[in-house]
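What follows is a single structure, written as structure tokens, with notes after it.
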Amino acid sequence: MNEGNYIHQSISKSALYRFIKDNVDFGNYFQCVELYENDELMVRYALAPYTCDNISEVYSLSKSFTSTAIGILCDRGVISVEDRLVDLFKESVPDNVSENMKKITVEHLLTMNTGHAACTMHGVYKACDGVRAFMEQNNEYEPGTHFTYNTGASYVLSAIVSKFSGYSLLDFLNINVFRNIGIDGTSWCFCGGKRANAGGAGIHLSADDLAKFGLMYLHGGLAPDGKRIISEKWIEKACTKRTDNAINGDAHWGCGYGYQFWMNTFGGYRGDGAFGQVCMILPQKNIVAVIKSEGRDMVPEMAGLERFMEDMHSPDEEGAVCDIAYEPEKEYPQNIAQAGNIYACDPNPMGFTTVELREFQDRFEMCFSDGQRLQKISAGKGIWLDSRYTARHFIPTLVGLMPSDLREDIRAASCCGLRDGRLAFTVRLLNCPHRETFVFSFDEQSIRIDIICERDSSLLEPDARVITGRLIP
């Protein structure tokens with residue numbers, strides 16, 4: 001079991017194993033699970049090579065943090081949920097602003113009831129003035145009458161925090177929330193101009209961080225030392241059904257929406273993000289549950305979590321254990337003739353200029369340059385090895401919306417193996433939920449590296465999937 005994993009003696013190891021294993025077998029690749037009951041840690045379990053303190057992208061779970069910042073500003077009387085967007089940002093109002101747009105309030109932004117028929121983030125993300133770009137997009141319905149999940153609305157909430165606090169959303173949360181509940185080391189990208197954090201996605205947090213956030217909400221807005229962070233009145237408003245979202249169809253995403261929080265079919269509420277990131281608060285059971293995952297369908301995740309909470313204190317089978325991990329590849333090539341060769345790369349979106357494969361007794365290394373920095377990815381032979389490097393973020397935080405030249409600090413655990421007889425690096429990214437495989441092909445004078453997104457190749461732009469190069473004598 002991972003060092004740092006913990007299962008309370010009252011927890012059924014059989015039930016926990018079944019919950020995790022069933023989802024992994026289905027294709028929901030859990031990374032970690034954490035659960036508190038009555039303020040006591042019941043489960044803290046990560047599947048190696050992941051850990052519960054690993055900080056990574058949590059996608060739309062970011063929205064619940066944005067809502068929290070808005071709540072603090074409302075508690076202080078700086079803004080109100082009745083404030084109209086056009087009044088808060090008079091300088092960004094387009095000349096031809098629509099009558100429906102003039103009616104949008106902070107509450108409409110919080111409840112995803114802006115009247116737009118589709119998400120507006122495509123028009124917002126790369127704009128010089130993201131708020132203006134939001135207001136330029138036609139909202140076909142009268143605000144308050146139509147639910148549309150709209151990450152652009154969350155961006156506008158971030159911009160409101162920045163304008164009326166004088167700090168970025170991240171800094172505002174750090175000053176007023178994070179440092180009081182023990183969260184640090186996080187990051188949040190800017191977008192939409194004016195140095196506003198994305199709001200609807202992009203925050204990086206650990207499972208431990210998410211549990212601290214959930215416990216603050218469970219305790220009615222109090223930090224562990226009793227300091228008031230946000231009012232109980234706001235939490236009651238934010239975390240109860242404020243709008244009908246039955247249009248979504250599925251029960252788990254159609255039984256009500258609050259202020260950037262989803263209502264659960266079995267009570268309580270949650271923040272959640274793409275691919276299975278969950279921070280669930282169940283006041284009636286005094287439970288906070290956290291999941292980080294690379295999932296393909298969150299419905300089995302929700303159903304499995306509900307079953308686990310029903311069964312978690314059931315009598316265990318004699319000798320039951322919960323020991324699940326992602327094992328490194330057991331078969332891998334040895335003595336590759338091309339090891340030590342260096343190749344000049346053809347123009348590619350990754351910006352790689354040279355690539356070299358090196359082989360050692362315990363690992364392979366892919367050494368690469370972008371003309372400014374020499375870096376490497378280490379892939380262990382039968383073991384996971386950690387690497388840190390800076391490269392293009394080729395699985396975007398918001399798929400298809402990230403600037404093409406974006407670079408970020410990437411953390412990964414990698415091992416080597418075989419794919420159709422070729423050397424392959426399995427790369428488990430630790431800064432986001434995803435995995436990739438780098439597959440190497442050689443002939444006498446050239447190299448080809450195919451980058452395969454294990455979950456869904458559509459997450460990669462077609463021209464980012466292949467790197468080719470020629471041998472440098």
> Where Lys and Arg each count +1 and Asp and Glu each count -1, what net charge lies around residue 8 among other residues with Cβ under 13 Å from its Cβ?
Replying inline: -3
> Using the Karplus equation 6.51 cos²θ - 1.76 cosθ + 1.60 (θ = phi - 60°), what ³J(HN,Hα) coupling, rounded to whole Hz, does each residue of the range 82-97 give in order, writing x for Gly and Pro?
Replying inline: 7, 4, 8, 4, 5, 7, 6, 10, 4, 6, 10, 6, x, 4, 9, 4
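Between beta-carbons, use under 14 Å as the cut-off and find the net charge around residue 45, counting Lys and Arg +1, Asp and Glu -1.
In short, 0.
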> In whole Å, how far is the Cα centre of the range 182-233 from that of the range 101-179?
Replying inline: 18 Å
> Once you put a point 7 Å from the Cα of residue 448 and another 7 Å from the Cα of residue 90, both along the Cβ direction, what distance in nm separates them?
Replying inline: 6.2 nm
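Quick one: in the chain, what % of C-alpha pairs are over 42 Å apart? Don't jump to the answer; show the numbers that get you there.
Details: 23508 of 111628 pairs.
The share of Cα pairs beyond 42 Å in the chain comes to 21 percent.
Based on Cβ point charges of +1 for Lys and Arg and -1 for Asp and Glu, what charge dipole magnitude is obtained for the range 6-311 about its Cα centre, in debye rounded to the nearest 20?
Details: 28 positive and 36 negative charges, 88 e Å.
My answer is approximately 420 debye.
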>> Please enumerate, by chain and number, the aspartates and glutamates with C-alpha under 16 Å from the C-alpha of residue 194, excluding those fewer than 8 residues away in the same chain.
In response: 91, 129, 171
> Residue by residue through the range 29-45, which ³J(HN,Hα) values in whole Hz follow from phi under the Karplus form 6.51 cos²θ - 1.76 cosθ + 1.60 (θ = phi - 60°), with glycine and proline marked x?
Replying inline: 7, 4, 9, 7, 9, 9, 8, 10, 9, 6, 6, 10, 5, 9, 9, 9, 9
> Can you count the Lys pairs in the range 1-132 with C-alpha separation below 21 Å, eight or more apart or on different chains?
Replying inline: 5
> Ordered by residue, what ³J(HN,Hα) values in Hz, to whole numbers, does the range 146-152 give under the Karplus form 6.51 cos²θ - 1.76 cosθ + 1.60, where θ = phi - 60° and Gly and Pro are x?
Replying inline: 8, 7, 9, 5, 9, 5, x
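Values quoted throughout were computed directly from the atomic coordinates according to the rules given, and no laboratory measurement underlies them. Just so it is clear, the model here is predicted, and its values are computed rather than measured. Note that we place each Cβ from the backbone using ideal geometry, even for glycine, and neighbour counts take in every protein chain shown.
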